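The values are calculated or read from the model by the stated rules, or taken from the named source; none is laboratory data. Because the structure is predicted, anything quoted here is derived from the model rather than measured. Cβ coordinates were reconstructed from backbone atoms using ideal geometry, including for glycine residues, and neighbour counts include every protein chain displayed. The accessibility values were calculated without ligands, DNA or RNA, using every heavy atom of the protein model including side chains. Shrake-Rupley method; radii C 1.70, N 1.55, O 1.52, S 1.80 Å.
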Amino acid sequence: MQVLVYGAGQLARMMYLAGAPLGTEVWAVDVANETVVHPVSKVISDRTLAQAIDTADVLTVEFEHVPEHLLAEADKTGKLYPSMEAILVGADRVKEKNLLTSLNIPNCPYKVVTDLNELDDCVAELGESLIIKASRDGYDGYGQWRMKSATELDSLKQALANLDLNTVPLVVEQCLEFDRELSIIGARNQDGQTVIYPLAQNRHHEGQLHVSIAPAPRMSDALQAQADKIFETLANGLQYTGVLAVELFQVGNELLVNEIAPRVHNSGHWTLHGADTDQFDNHLRAILGLALGSTRPLGVSAMVNIIGCSSFSRDLLSLPGCHMHWYGKSVREKRKMGHINVLAESTLALGSTLEKLSQFLPLEHFPVLLSEAEDI
Ligand code: ATP
Ligand code: MG
């Protein structure tokens, strides 16, 4: 079987690595120049995109911001999973909010803004503490502006003055005082069967994910059931095929959806060592029509993103249950270079290994690791 992935980053690379044991060949599309590349070596194939589409059994995406003309071309073949509609929901915050509203799924109070003067109404309706998000092309906190007090309105309007809000409206959200961030990830196949991983707890810093812990500590069955229901409602509502990730805010005992990612997700990398079947394996199984695999956790896991650095001692591999995974990229500030997975038998053991791990890593690049370790 052959799978063609739109996007040639680390997620396509990890799909390739999961595909080999399944006897599946995975190729990637560099969407910037529409070439077909090997997902690991990045060597350009001599096949054209049209030829690769033709030979692939299924087409899929590693990110939602694939240019729409490419998605439309992929969709026409009838081999694209998840569907173009589902991918576009993840790519456009206005579509995403409309879907959440239509399915009655709790999410953050918001307003769609197409004229900067409407920001005054936002303050009146949502309060002074706001997060302003471009409705398209944002990731890792890019395309976002924060406001703490109405005194910042004028300077904010100036900063946003060059945006074309008729083409790309803003979604203005109330800045929530959440207890923590979580994500729910699962897979749905074409027959509508689903498997769902335990909730992961996600710690962000400056808009970027730094550490995930799964199963999330201090969990109740009721919270997991709430998350499962959100996943099922979205996956069934979209007639979804593949792995779907949903980012959540926990406020008291309630879960609110932050955003939907129609793909494998950074907060699911812990499954590579910490679950019976990892998310990449399950994504390929779902889109290829194979039986879905068990999502049973093998212990308690942490996933630590390596962001913007690569120079630290590899002796950390001597820690029990510790695994490193590099994406083969050159270092750039704020760039996700790889991740470290730690699998432990208990929460206590995980906390202790993470504390030791933090001693191997430069604090400026891993600013929240120690506090996560201590909080477990
Ligand atoms: P991603 O890389 O996950 O796609 P993103 O840039 O698309 O990120 P969001 O997930 O919307 O953007 O926001 C990034 C982070 O900013 C969130 O994980 C959360 O920490 C914070 N954040 C976003 N929206 C809100 C909100 N309404 N209230 C409080 N914090 C928020
Ligand atoms: Mg996000």
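In segment 262-278, the residue that is farthest from ligand 2 (Cβ to nearest atom) out of those that are within 11 Å of V243 (Cβ to Cβ) and either open to solvent by 20 Å² or more (accessible area, probe 1.4 Å) or among the aliphatic types (A, V, I, L, M) (or both) is D278. I'm trying to understand the selection: among the residues of segment 170-201, which are within 16 Å of ligand 2 (Cβ to nearest atom), part of a strand (DSSP E or B) and of a type in the set (A, V, I, L, M, F, W, C)? The answer is V171, L182, I184, I185, A200. Of all residues in segment 246-272, those that are assigned to a loop (DSSP other than H, G, I, E, B) and more than 12 Å from ligand 1 (Cβ to nearest atom) have Cβ atoms under 8 Å from Cβ atoms of residues that are open to solvent by less than 30 Å² (accessible area, probe 1.4 Å) and of a type in the set (S, T, N, Q), 6 or more apart or on another chain, in V264/Q279; H269/S212; H269/Q279; H269/N341; W270/S212; W270/S301; W270/N341.
Answer yes or no as to whether E259 is within 14 Å of ligand 2 (Cβ to nearest atom), open to solvent by 20 Å² or more (accessible area, probe 1.4 Å) and under 28 Å from R136 (Cβ atoms). Here the answer is yes, as E259 does meet what is asked. Of E96, E73, E128, all but one fail to be surrounded by 13 or more Cβ atoms within 10 Å (Cβ to Cβ) and under 23 Å from the mean Cα position of the chain (by Cα); the exception is E96.
Step by step: first the residues of segment 193-207, then only those that are within 16 Å of ligand 1 (Cβ to nearest atom) and open to solvent by less than 40 Å² (accessible area, probe 1.4 Å), then the one that is modelled with the lowest pLDDT. Which residue is that? Full working, then the answer.
Quick first cut of segment 193-207, residues within 16 Å of ligand 1 (Cβ to nearest atom) only: 199-207.
Within this subset, residues satisfying the condition of being open to solvent by less than 40 Å² (accessible area, probe 1.4 Å) are 199-202, 207.
Working: L199: 98, A200: 98, Q201: 98, N202: 98, G207: 89.
Top of the filtered list is G207.
Would you pick out the residues in segment 125-169 that are without any contact (Cβ under 8 Å) to a residue 24 or more places away in the chain, assigned to a strand (DSSP E or B) and among the β-branched types (V, I, T)? None - no residue of segment 125-169 is without any contact (Cβ under 8 Å) to a residue 24 or more places away in the chain, assigned to a strand (DSSP E or B) and among the β-branched types (V, I, T), so the list stays empty.
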